[in-house]
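Report on the structure given below.
The values are calculated or read from the model by the stated rules, or taken from the named source; none is laboratory data. Worth saying up front: this structure is predicted, and the values here are computed from it rather than measured. Here Cβ is always computed from backbone atoms with ideal geometry, including for glycine, and neighbour counts include all displayed protein chains.
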Amino acid sequence: MEVTWYGHSCFRLRDRDATVVTDPFDKTLGYELPRVRTDIVTVSLKHPHHNHAKAVKGEFKVVDGPGEYEIKSVFITGIATHPSQGGRKSKNGGDTGDERNVIFLFEFDGLAICHLGDLAQVPTQTQVEALSNVDILLVPVGGVTSLNAAQAAEIISLIEPFIVIPMHYKTSAISLKLDGVSKFLKEMGTPRIEPMDVLKATKSTLPQETQVVVLNHK
């Protein structure tokens, strides 16, 4: 399994049989999204910073709601949560809208990967139980319209994944008024982490305890 981060909430999850792209964004965000080819696109929030599927190449299926799906070799579970915290248009151009957020759980290549989308509140007990076997957690940490550092750390303690990858935070590429990743790293007690370009993981190489991995955006 390879995990590549393109910025914000957009990742490519790829194994030998299938490729998933999560939350593709439009140019107004500030990142440059390459014309990556994929089999599946998931959309956690109906906002241009999360649902710009036109930027992706290939004959792909779009999954943008709750339910259970099987596409190629990938099993996907969508779990609807509260609306995004933005609610209405904000002055800083952040993620806004009254649409629900959808958490996606992917099962392929022997791993369970969870993308929390634009989650802004700690999930309910029922939702946490549905995520009890997550291996890799993709979690927003920048606050404002989604989880802040402390909330993200709380969810990680509830889900107890093996690998945590922060997303949806301030970088030099965007002007959104979000917190940077350093605040989250301090909250997790790991203030110094060398970012990597791509995470490669298998079931046999997962760490024994929760490990934070910071990815460079492509």
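Quick check: anything in region 44-55 surrounded by fewer than 19 Cβ atoms within 10 Å (Cβ to Cβ) and touching a Gly at 6+ places or on another chain (Cβ under 9 Å)?
Looking for residues that are surrounded by fewer than 19 Cβ atoms within 10 Å (Cβ to Cβ) and touching a Gly at 6+ places or on another chain (Cβ under 9 Å), one finds at least one in region 44-55, hence yes.
All but one of (1) exposed (fewer than 14 other Cβ atoms within 10 Å of the Cβ); (2) at pLDDT 90 or above hold for LEU105; which doesn't?
(1)
Give the residues of region 182-217 that are free of Cβ contacts under 8 Å to residues at least 40 places away in the same chain and under 17 Å from TRP5 (Cβ atoms), sorted by residue number.
SER182, LEU185, ILE193, GLU194, PRO195, MET196
Any residue that is touching a helix residue (DSSP H, G or I) at 6+ places or on another chain (Cβ under 8 Å) and closer than 19 Å to TYR69 by Cβ - is there at least one of those in region 142-157?
No - not one qualifying residue is present in region 142-157.
I need the full set of residues from region 1-18 which are crowded, with 20+ Cβ neighbours inside 10 Å and either over 23 Å from LEU176 (Cα atoms) or without any contact (Cβ under 8 Å) to a residue 60 or more places away in the chain (or both), in order please.
Within region 1-18, MET1, VAL3, CYS10, ARG12, LEU13, ARG14 qualify.
Collect the residues in region 127-146 that are modelled with pLDDT of 90 or more and more than 25 Å from GLN208 (Cα to Cα), keeping them in residue-number order.
Within region 127-146, GLY142, GLY143, VAL144, SER146 qualify.
Filter region 100-115 down to the residues that are touching a residue at least 40 places away in the same chain (Cβ under 8 Å) and aliphatic (A, V, I, L, M), then identify the one that is farthest from PRO161 (Cα to Cα).
Checked region 100-115; the qualifying residue farthest from PRO161 (Cα to Cα) is VAL102.
If GLU70 satisfies all but one of (1) assigned to a loop (DSSP other than H, G, I, E, B); (2) more than 18 Å from the chain's Cα centre (by Cα); (3) under 23 Å from LEU105 (Cβ atoms); (4) not hydrophobic (A, V, I, L, M, F, W, C), what's the number of the condition it fails?
Just one mismatch for GLU70, condition (1).
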